[in-house]
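The values are calculated or read from the model by the stated rules, or taken from the named source; none is laboratory data. The structure presented is a predicted model; accordingly, all values stated were derived computationally and were not measured. Counting neighbours? That spans all protein chains shown, and the Cβs are built from the backbone with ideal geometry, glycine included. For accessibility, only protein heavy atoms count, side chains too; no ligands or nucleic acids. Shrake-Rupley method; radii C 1.70, N 1.55, O 1.52, S 1.80 Å.
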Amino acid sequence: MNFKYQNIGLHLRLQDTLPQLIEEACKFKVARFQFFLSSSVKTNKYVSISTLDQKAFLEAKERYFSEVYIHSSYWINPATGRPKAFEVSKQTLKKEIRIARKLGIRYLVLHPGSATWHKATNTDPNCREKGIASIAH
(Lines give C-alpha, C1' and ligand atoms only; values in the text may rest on other atoms or scores of the structure.)
Protein backbone atom coordinates (compact mmCIF):
# COMPACT_ATOMS: atom_id res chain seq x y z
CA MET A 1 0.00 0.00 0.00
CA ASN A 2 1.30 3.46 -0.91
CA PHE A 3 0.88 5.91 1.97
CA LYS A 4 2.57 8.83 0.22
CA TYR A 5 -0.68 10.70 -0.36
CA GLN A 6 -2.57 9.75 2.80
CA ASN A 7 -3.30 12.65 5.16
CA ILE A 8 -1.86 10.98 8.23
CA GLY A 9 1.38 11.49 10.05
CA LEU A 10 3.25 10.91 13.27
CA HIS A 11 5.44 12.76 15.70
CA LEU A 12 8.59 10.67 15.71
CA ARG A 13 11.33 10.83 18.28
CA LEU A 14 14.81 11.39 16.96
CA GLN A 15 17.01 8.88 18.75
CA ASP A 16 20.55 9.44 17.52
CA THR A 17 20.80 9.88 13.77
CA LEU A 18 18.78 10.95 10.77
CA PRO A 19 19.07 7.52 9.12
CA GLN A 20 17.43 5.99 12.21
CA LEU A 21 14.64 8.56 11.95
CA ILE A 22 14.10 7.69 8.28
CA GLU A 23 14.03 4.00 9.13
CA GLU A 24 11.40 4.63 11.83
CA ALA A 25 9.21 6.68 9.49
CA CYS A 26 9.46 4.03 6.76
CA LYS A 27 8.57 1.32 9.27
CA PHE A 28 5.27 3.09 9.99
CA LYS A 29 4.71 3.80 6.28
CA VAL A 30 3.62 7.39 6.86
CA ALA A 31 3.80 10.12 4.26
CA ARG A 32 4.12 12.89 6.85
CA PHE A 33 5.93 13.21 10.12
CA GLN A 34 7.42 15.76 12.45
CA PHE A 35 10.40 15.53 14.76
CA PHE A 36 12.53 17.56 17.13
CA LEU A 37 16.09 18.35 16.04
CA SER A 38 17.37 17.23 19.43
CA SER A 39 17.06 13.82 20.97
CA SER A 40 15.84 15.21 24.28
CA VAL A 41 13.42 17.92 25.32
CA LYS A 42 15.55 18.47 28.43
CA THR A 43 18.73 19.33 26.56
CA ASN A 44 19.36 21.55 23.61
CA LYS A 45 21.85 19.14 22.00
CA TYR A 46 21.18 18.97 18.28
CA VAL A 47 21.59 15.98 16.05
CA SER A 48 24.83 16.02 14.11
CA ILE A 49 24.26 15.90 10.36
CA SER A 50 27.02 14.51 8.21
CA THR A 51 27.05 15.06 4.46
CA LEU A 52 26.11 11.39 4.01
CA ASP A 53 23.18 11.70 6.46
CA GLN A 54 21.97 14.85 4.71
CA LYS A 55 22.09 13.14 1.31
CA ALA A 56 20.27 10.04 2.60
CA PHE A 57 17.61 12.19 4.26
CA LEU A 58 17.02 14.30 1.15
CA GLU A 59 16.74 11.18 -1.03
CA ALA A 60 14.34 9.42 1.38
CA LYS A 61 12.26 12.58 1.77
CA GLU A 62 11.87 12.84 -1.99
CA ARG A 63 11.09 9.17 -2.43
CA TYR A 64 8.88 8.33 0.55
CA PHE A 65 7.48 11.44 2.22
CA SER A 66 5.12 14.13 1.00
CA GLU A 67 5.73 16.46 3.95
CA VAL A 68 8.19 16.60 6.82
CA TYR A 69 7.95 19.05 9.69
CA ILE A 70 10.43 20.10 12.32
CA HIS A 71 8.89 20.68 15.71
CA SER A 72 10.91 23.55 17.10
CA SER A 73 12.59 23.28 20.46
CA TYR A 74 10.64 24.23 23.55
CA TRP A 75 13.67 26.34 24.46
CA ILE A 76 12.45 28.86 21.90
CA ASN A 77 10.23 31.45 23.59
CA PRO A 78 9.77 34.56 21.43
CA ALA A 79 6.94 35.83 23.67
CA THR A 80 9.24 36.20 26.66
CA GLY A 81 9.70 39.51 28.41
CA ARG A 82 13.30 38.74 29.36
CA PRO A 83 15.77 40.31 26.90
CA LYS A 84 18.46 37.64 27.32
CA ALA A 85 15.93 34.79 26.89
CA PHE A 86 14.52 36.54 23.81
CA GLU A 87 17.99 36.75 22.26
CA VAL A 88 18.67 33.06 22.98
CA SER A 89 15.27 32.19 21.48
CA LYS A 90 16.02 34.22 18.36
CA GLN A 91 19.43 32.59 17.85
CA THR A 92 18.03 29.10 18.48
CA LEU A 93 15.20 29.65 16.01
CA LYS A 94 17.68 30.88 13.38
CA LYS A 95 19.76 27.74 13.95
CA GLU A 96 16.72 25.49 13.51
CA ILE A 97 15.71 27.31 10.33
CA ARG A 98 19.25 26.80 8.93
CA ILE A 99 19.05 23.07 9.70
CA ALA A 100 15.56 22.86 8.17
CA ARG A 101 16.87 24.44 4.96
CA LYS A 102 19.82 22.05 4.91
CA LEU A 103 17.34 19.15 5.07
CA GLY A 104 14.96 20.64 2.54
CA ILE A 105 12.20 20.97 5.14
CA ARG A 106 9.72 23.77 4.48
CA TYR A 107 7.65 23.53 7.66
CA LEU A 108 8.54 24.35 11.25
CA VAL A 109 6.04 23.99 14.08
CA LEU A 110 6.65 26.78 16.57
CA HIS A 111 4.94 27.42 19.89
CA PRO A 112 5.06 31.13 20.73
CA GLY A 113 6.05 30.52 24.34
CA SER A 114 5.06 32.29 27.51
CA ALA A 115 4.76 36.01 28.10
CA THR A 116 4.79 35.74 31.88
CA TRP A 117 7.96 37.80 32.30
CA HIS A 118 6.27 40.91 30.95
CA LYS A 119 4.74 43.28 33.46
CA ALA A 120 0.97 42.83 33.70
CA THR A 121 -1.28 45.87 33.40
CA ASN A 122 -4.99 46.44 33.98
CA THR A 123 -5.60 46.38 30.23
CA ASP A 124 -3.29 43.41 29.62
CA PRO A 125 -3.36 41.31 32.83
CA ASN A 126 -2.09 38.13 31.09
CA CYS A 127 0.55 40.00 29.08
CA ARG A 128 -0.88 38.70 25.81
CA GLU A 129 -0.47 41.96 23.92
CA LYS A 130 3.10 42.38 25.12
CA GLY A 131 3.86 38.75 24.27
CA ILE A 132 2.47 39.20 20.76
CA ALA A 133 4.50 42.40 20.34
CA SER A 134 7.59 40.51 21.48
CA ILE A 135 6.96 37.76 18.89
CA ALA A 136 6.46 40.35 16.14
CA HIS A 137 9.73 42.02 17.13
- Query: For the subset of region 70-89 comprising residues that are free of Cβ contacts under 8 Å to residues at least 60 places away in the same chain and not in a loop (DSSP other than H, G, I, E, B), which member is surrounded by the fewest Cβ atoms within 10 Å (Cβ to Cβ)?
  - Reply: K84
- Item | Residue within region 107-126 that is surrounded by 14 or more Cβ atoms within 10 Å (Cβ to Cβ), part of a helix (DSSP H, G or I) and in contact (Cβ under 8 Å) with a residue 12 or more places away in the chain present | no
- Note on the structure: Subset of region 90-106, residues outside any helix (DSSP H, G or I) and either buried (at least 18 other Cβ atoms within 10 Å of the Cβ) or in contact (Cβ under 8 Å) with a residue 40 or more places away in the chain (or both), comes to L103, G104, I105
- Top-ranked residue in region 6-39 [being open to solvent by 10 Å² or more (accessible area, probe 1.4 Å) and touching a His at 6+ places or on another chain (Cβ under 9 Å); ranked as nearest to K95 (Cα to Cα)]: F36
- Query: Does region 13-25 include one or more residues that are modelled with pLDDT of 90 or more, assigned to a loop (DSSP other than H, G, I, E, B) and of a type outside the set (S, T, N, Q)?
  - Reply: no
